[in-house]
Amino acid sequence: IPEILTHKLPADRRFRVWSAGCSTGEEPYTIAMTLLDSGLEGFGYTPEILGTDVSTNALLKAKRGIYLSRSLLSMPHGVANRFFVPMPHGHQVSSGVRELVTFQYHNLIKEPYPAALMGNWDAIFCRNVTIYFRLESTRRVVQNFYDSLNPGGYLFIGHSETLTSISDRFDPVEIDGVFLYRKPRERAVFSPESELPEIERGAEVTELLAQAEGAMAATDYSSVFDIVERVLHLEPHNAKAYLLAAGAHADIGDLDAAYSECEKVLAIDPLVAAARYVLGMIHLRRGDKLLALAEFKRPIYIDSGFVLAHLNLGNLYKSMGAIPDACKEYERTLRTLYENPEGQWTAFMGGFKADLLAKTVERSLVECRRGKSDL
């Protein structure tokens, strides 16, 4: 998702996913729940999910979104509580999820495809559907998917399926042993009228930013503000300068100013994980745990190795009595700390060393596991 958002034009605020061969709706609803949990809307994007199938009976069931209780047995309890409403004979997908999903009849083999399907899709899911097609039919369907995807968009097929001998136009991408298929990005998309260009920093700006980072480490905040002002005079859209200002304001307790600087960072680049982390700290210091919890998830969504976001999630879950969730986040903190000991997150360590952080987290994890065993 972050990869796709990075290349979207500012005017395109939709994230569109097509579930082809959706049957009774489980897949498109799951996609909608996943997009909601990803924090996509917090970045200013609207999820749009389409489910299509050749079975009108299946589509009627999908639109109702009512499933027997046994269908939810393998689902985490917290997910079921958030996204389903109990009914007399099962559970119904909540209205907030259902309103993101549209269902319609469509035969994948029939050509030509309606214009509404032939373009602007960020991802297409067609899992375990084409295994029932003849080879030539599958080739036509996959070609239509290729034409329908945005450059850089992804095609998801079943675990046992492959595009070998079907299409060589996609780039295979391996993630945790599973292959996804990405439509190549034919050219860089850039609109000088609507996008802020990435300004190549000169030697002076680079040196000034290094000085500002040194001043931050020395808690010389007045110098930070002075240097940031000089940087912004040279490069008005320098996200790193605004981020340094946000951190300095947060450290001295000026949370409103810190919030404002973070907004400037995200207006330039909504995928700056550190700015999302600072926003989480602001909400935490204001005492709003729920907003802090939501905001700390976003740096991880952008950069799964942002150690301090995992740590703060663990601390929040622990303070809220969600001990199993706290244990998981402390475990993730340690794992990501060992995997990513020198990431962007280290700028927010406040002078602490990684080994001391690891020992602190280990103690917290031991306490949580002890508490978990008492539950």
I need the helices (runs of 4 or more DSSP H) fully contained in region 198-259, keeping only those with at least 3 residues that are small (Gly, Ala, Ser) and without any contact (Cβ under 8 Å) to a residue 60 or more places away in the chain.
203-217, 239-251
Determine the pairs where a residue that is touching a residue at least 24 places away in the same chain (Cβ under 8 Å), located within region 52-64, has a partner that is open to solvent by less than 80 Å² (accessible area, probe 1.4 Å) and of a type in the set (Asp, Glu) with Cβ atoms under 7 Å apart, the partner being 6 or more residues away or on another chain.
Leu59/Asp53
Do the conditions hold for Arg298, that is, is it among the basic types (Lys, Arg) and under 21 Å from the mean Cα position of the chain (by Cα)?
yes
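Can you tell me how many residues within region 234-265 are among the hydrophobic types (A, V, I, L, M, F, W, C) and crowded, with 20+ Cβ neighbours inside 10 Å?
Applying the first criterion (among the hydrophobic types (A, V, I, L, M, F, W, C)) to region 234-265 yields 234, 239, 241, 243-246, 248, 250, 252, 255, 257-258, 262, 265.
Within this subset, residues satisfying the condition of being crowded, with 20+ Cβ neighbours inside 10 Å are 241, 243-246, 248, 250, 258, 262, 265.
Residues meeting the conditions: 10.
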Among the residues of region 92-113, which ones are touching a residue at least 24 places away in the same chain (Cβ under 8 Å), open to solvent by 40 Å² or more (accessible area, probe 1.4 Å) and out of contact with any Gly (no Cβ under 9 Å at 6 or more places or on another chain)?
Tyr105, Asn107, Ile109, Glu111
Would you confirm whether or not region 321-344 contains a residue that is of a type in the set (A, V, I, L, M, F, W, C), at pLDDT below 90 and within 15 Å of Ala273 (Cα to Cα)?
no
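Which residues, counting only those in region 215-233, are among the small types (Gly, Ala, Ser) and open to solvent by 40 Å² or more (accessible area, probe 1.4 Å)? Before the answer, list the steps.
Just the residues of region 215-233 that are among the small types (Gly, Ala, Ser), to begin with: 215, 217-218, 222-223.
Once the filter is applied, which keeps residues that are among the small types (Gly, Ala, Ser) and open to solvent by 40 Å² or more (accessible area, probe 1.4 Å), region 215-233 yields Ala217, Ala218, Ser222.
Kindly indicate which of Ser55, Ser19 is on the phi < 0 side of the Ramachandran plot and touching a Phe, Trp or Tyr at 6+ places or on another chain (Cβ under 7 Å).
On the way: Ser55 fails: touching a Phe, Trp or Tyr at 6+ places or on another chain (Cβ under 7 Å).
Just a single option satisfies the conditions, and that option is Ser19.
Which ranges mark the strands (runs of 3 or more DSSP E) fully within region 117-177 that have 3 or more residues being buried (at least 19 other Cβ atoms within 10 Å of the Cβ)? So that I can check it myself, show each step before the final result.
Working: elements: 121-125, 149-156, 171-175.
The qualifying strands (runs of 3 or more DSSP E) are 121-125, 149-156.
The values are calculated or read from the model by the stated rules, or taken from the named source; none is laboratory data. Just so you know, these numbers come straight off a predicted model, no measurement behind them. Virtual Cβ from ideal backbone geometry, glycine too; neighbours counted across all protein chains shown. Quick note on the areas: whole protein, heavy atoms, side chains included, nothing else; ligands and nucleic acids left out. Shrake-Rupley method; radii C 1.70, N 1.55, O 1.52, S 1.80 Å.
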